[in-house]
1. Identify the single condition in (1) in contact with a helix residue (DSSP H, G or I) (Cβ under 9 Å, 6 or more places away or on another chain); (2) buried (at least 16 other Cβ atoms within 10 Å of the Cβ); (3) within 14 Å of L18 (Cβ to Cβ) that Y119 does not satisfy, given that it satisfies every other one.
2. Taking only segment 1-38 into account, find how many residues are touching a Phe, Trp or Tyr at 6+ places or on another chain (Cβ under 9 Å) and among the acidic types (D, E).
3. Run down D124, D162, D73 and say which single residue is of a type outside the set (V, I, T), touching a residue at least 24 places away in the same chain (Cβ under 8 Å) and loosely packed, with under 13 Cβ neighbours inside 10 Å.
4. Within segment 48-61, does at least one residue satisfy the condition of being at pLDDT 90 or above and within 21 Å of L90 (Cβ to Cβ)?
5. So which residues in segment 10-28 are assigned to a loop (DSSP other than H, G, I, E, B) and surrounded by 15 or more Cβ atoms within 10 Å (Cβ to Cβ), if there are any at all?
6. Look through segment 165-174, keep the residues that are part of a strand (DSSP E or B) and touching a residue at least 60 places away in the same chain (Cβ under 8 Å), and return whichever of them is farthest from N4 (Cα to Cα).
7. If T81 meets every condition in (1) assigned to a strand (DSSP E or B); (2) without any contact (Cβ under 8 Å) to a residue 24 or more places away in the chain; (3) hydroxyl-bearing (S, T, Y) apart from one, which number is that one?
8. Tell me yes or no: at least one residue of segment 127-137 is assigned to a loop (DSSP other than H, G, I, E, B), modelled with pLDDT under 95 and surrounded by 10 or more Cβ atoms within 10 Å (Cβ to Cβ).
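The values are calculated or read from the model by the stated rules, or taken from the named source; none is laboratory data. All values reported here derive from a predicted model rather than from experimental measurement. Every residue, glycine as well, gets a Cβ built from its backbone with ideal geometry; the counts of neighbours run over all protein chains shown.
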Amino acid sequence: MALNNATLSIPGIGYVYLAPVGTPRPDHGTDARTPWVDLGHSSEDGLTVTFEVEKTVKKTWRNRVGVRETVDDVTFNFAWTALQFDYPSLLAYFSGGDDSQPGVFGVTREIASYERAVYIRLVDGKAEIGIYIARAGLGPGGEIEASPEEFAGMPITATVLDDETAEHLVSWLSPHLGTPDAPIAAKQSTALPFADTTAAIAPSPSAPKALSLPRG
């Protein structure tokens, strides 16, 4: 692909939204509306994306370099530091909690999985990159730090989880992604199945026939 400055991004502004799992993504380049909840201010550290794949190379007795790779583990995380100490951010950091009383947030004794859909907007002037995650587990990504020099913040990590109803684990959205590659056709095997191969073997026309002798 040729050089394209439109694909470069310095996201000066970032938005993070949460909604119930499976909520359809908002229209690209627009504010997310109900049921999406805007988490508000986050730190200038922005967004960190971690994508790690652990693989094992399978070898054979006759090929010690390797003939196949298997995927053992996949880690896919999105992390940011929320600055607003309110119900949505506290619920995300503590993996849920009790927000039933006005003015009180309770960290419960039983910590369970707190799952939400996540939508992130990385805005660079008039350009924008959208990130949609249909299902993610939310929880702490580090320690809460409070000092007189910086805003107190809650590091939050969204771990991507599989949603069977979603088309992708994560969707990256931008009008400048380029032209999709043509799918690579699978290589067709010309070998016959074992059963068909043996069935195709017929007796030779020149083979001698058995003699039928009269009984005496």
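1. Here Y119 meets the rest and fails (1).
2. Qualifying residue count, segment 1-38: 2.
3. Answer to the selection: D162.
4. Looking through segment 48-61, at least one residue is at pLDDT 90 or above and within 21 Å of L90 (Cβ to Cβ).
5. Answer for segment 10-28, where residues must be assigned to a loop (DSSP other than H, G, I, E, B) and surrounded by 15 or more Cβ atoms within 10 Å (Cβ to Cβ): P11, V21, T23, R25, P26.
6. For segment 165-174, the residue satisfying everything is V170.
7. All conditions are met except number (2).
8. Taking segment 127-137 as the starting set, the residues that turn out to be assigned to a loop (DSSP other than H, G, I, E, B) are none.
Within segment 127-137, not a single residue is assigned to a loop (DSSP other than H, G, I, E, B), modelled with pLDDT under 95 and surrounded by 10 or more Cβ atoms within 10 Å (Cβ to Cβ).
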